[in-house]
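Asks: Handing you a structure now.
The values are calculated or read from the model by the stated rules, or taken from the named source; none is laboratory data. All values derive from a computational prediction rather than experimental measurement. Quick reminder, even Gly has a Cβ in these numbers, built from the backbone with ideal geometry, and neighbours come from all protein chains shown. Only protein heavy atoms, including side chains, enter the accessible area calculation; ligands, DNA and RNA are left aside. Shrake-Rupley method; radii C 1.70, N 1.55, O 1.52, S 1.80 Å.
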Amino acid sequence: MQYRVEPGTRVDLSRWDPDDVAGTDREAAREEKKQLSRRLRELQELLYAEHRHRLLVVLQAMDTGGKDGTIRKVFDRTNPQGVKVASFKRPTERELAHDYLWRVHPHVPGDGEIGIFNRSHYEDVLVVRVHDLVPKTRWQRRYDHIVAFEKLLADEGTTIVKFYLHISKDEQKRRLQARLDRPDKHWKFSIGDLKERALWDDYMAAYEAALSNTSTDWAPWFIIPANHKWYRNLVISRILVDTLEGLGMQYPPAEEGLDEVVIP
Ligand code: AMP
Ligand code: MG
């Protein structure tokens with residue numbers, strides 16, 4: 001599939017164009033996205049009804065990369081009852097007193113559910129690596145843990161797709177400036193984000209390592225060109241619809257004798 005990181009390959013992010021729209025016409029994209037949202041809604045209802053599969057969607061990106069917007073726009077027609085979002089922030093003291101997957105596991109989706117991770121266990125090889133929050137010997141082992149953890153989830157019936165929303169450093173500047181210019185967006189602006197921005201190259205290196213080491217057949221990474229929000233939403237919607245259609249889901253059989261029922 002387009003934008004998929006083939007397992008075992010090394011990712012060089014400078015070769016992935018964040019501006020890519022693959023020649024897509026924006027008007028046509030609007031129509032296609034609408035259809036995909038409708039289809040996603042049907043598939044989510046089917047997933048919920050069948051109660052057999054679980055879908056985990058992992059979202060990772062730099063600040064302003066569009067994780068929140070993706071959740072809002074891609075899942076705009078789905079039933080909130082069947083979609084669970086978990087946002088992973090700076091760990092609490094209690095979380096830090098455990099292994100880094102301890103806080104993650106309770107949030108994986110159950111039968112019939114879509115789970116969305118807004119940030120994830122990948123922060124433990126991203127921000128943690130960039131800031132040396134634990135020694136290298138420790139974070140280096142985590143790629144293997146993560147691959148094994150995701151294999152466990154997949155073996156037990158979870159379908160996993162992971163999206164890295166790829167924006168350029170210039171685009172981040174525009175988006176940060178836009179937040180600064182709008183008082184109603186100030187709540188999203190954190191001066192600390194500028195410190196992370198200064199470490200852009202280190203983050204790219206950390207992302208390259210994560211994408212290279214943890215894209216597997218059971219939990220593939222997709223690198224989504226994300227400078228254009230409409231294209232980002234379109235591509236992610238396509239991948240989700242394809243993934244769910246690939247599950248071959250069926251509505252559960254109706255109860256015996258329904259055709260003779262007369263409502264009194
Ligand atoms: P936001 O997504 O803007 O709400 O910011 C959440 C912040 O939490 C980001 O700066 C993340 O890097 C940080 N964060 C998330 N997970 C971890 C983690 N495991 N260790 C350290 N910081 C984290
Ligand atoms: Mg933020």
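Asks: Taking the options D181, D202, D259, name whichever one is at pLDDT 95 or above and exposed (fewer than 12 other Cβ atoms within 10 Å of the Cβ).
Replies: D181
Asks: Taking the condition within 16 Å of ligand 1 (Cβ to nearest atom), within 21 Å of H51 (Cα to Cα) and either in a helix (DSSP H, G or I) or open to solvent by less than 50 Å² (accessible area, probe 1.4 Å) (or both), does I116 pass?
Replies: yes
Asks: For residues that are open to solvent by less than 10 Å² (accessible area, probe 1.4 Å) and in a strand (DSSP E or B), scanning just segment 51-85, find the one that is farthest from K188 (Cα to Cα).
Replies: Here the residue is L55.
Asks: Something else now. More than 16 Å from ligand 2 (Cβ to nearest atom), open to solvent by less than 40 Å² (accessible area, probe 1.4 Å) and under 25 Å from R15 (Cα atoms): does that describe A226?
Replies: Spelling it out, it is not the case that A226 is more than 16 Å from ligand 2 (Cβ to nearest atom), open to solvent by less than 40 Å² (accessible area, probe 1.4 Å) and under 25 Å from R15 (Cα atoms).
Asks: From W102, W139, grab the single residue that is free of Cβ contacts under 8 Å to residues at least 60 places away in the same chain and outside any helix (DSSP H, G or I).
Replies: After applying the criteria, what remains is W102.
Asks: For segment 190-205, does any single residue satisfy the condition of being among the hydroxyl-bearing types (S, T, Y) and more than 16 Å from ligand 2 (Cβ to nearest atom)?
Replies: no
Asks: Determine which single condition K33 fails, assuming it passes every other condition in (1) surrounded by 14 or more Cβ atoms within 10 Å (Cβ to Cβ); (2) within 13 Å of ligand 1 (Cβ to nearest atom).
Replies: Failing condition for K33: (2).
Asks: Conditions: (1) out of contact with any Ser or Thr (no Cβ under 9 Å at 6 or more places or on another chain); (2) within 14 Å of ligand 2 (Cβ to nearest atom); (3) over 19 Å from V104 (Cα atoms). E123 meets all but one. Number of the miss?
Replies: Just one mismatch for E123, condition (3).
Asks: Further question: Looking only at segment 57-103, filter to residues that are more than 23 Å from T243 (Cα to Cα) and among the hydrophobic types (A, V, I, L, M, F, W, C); which one of those is nearest to ligand 2 (Cβ to nearest atom)?
Replies: M62
Asks: Does L133 satisfy the condition of being in contact with a Phe, Trp or Tyr (Cβ under 9 Å, 6 or more places away or on another chain), over 30 Å from K229 (Cβ atoms), among the hydrophobic types (A, V, I, L, M, F, W, C) and surrounded by 14 or more Cβ atoms within 10 Å (Cβ to Cβ)?
Replies: Spelling it out, L133 is indeed in contact with a Phe, Trp or Tyr (Cβ under 9 Å, 6 or more places away or on another chain), over 30 Å from K229 (Cβ atoms), among the hydrophobic types (A, V, I, L, M, F, W, C) and surrounded by 14 or more Cβ atoms within 10 Å (Cβ to Cβ).
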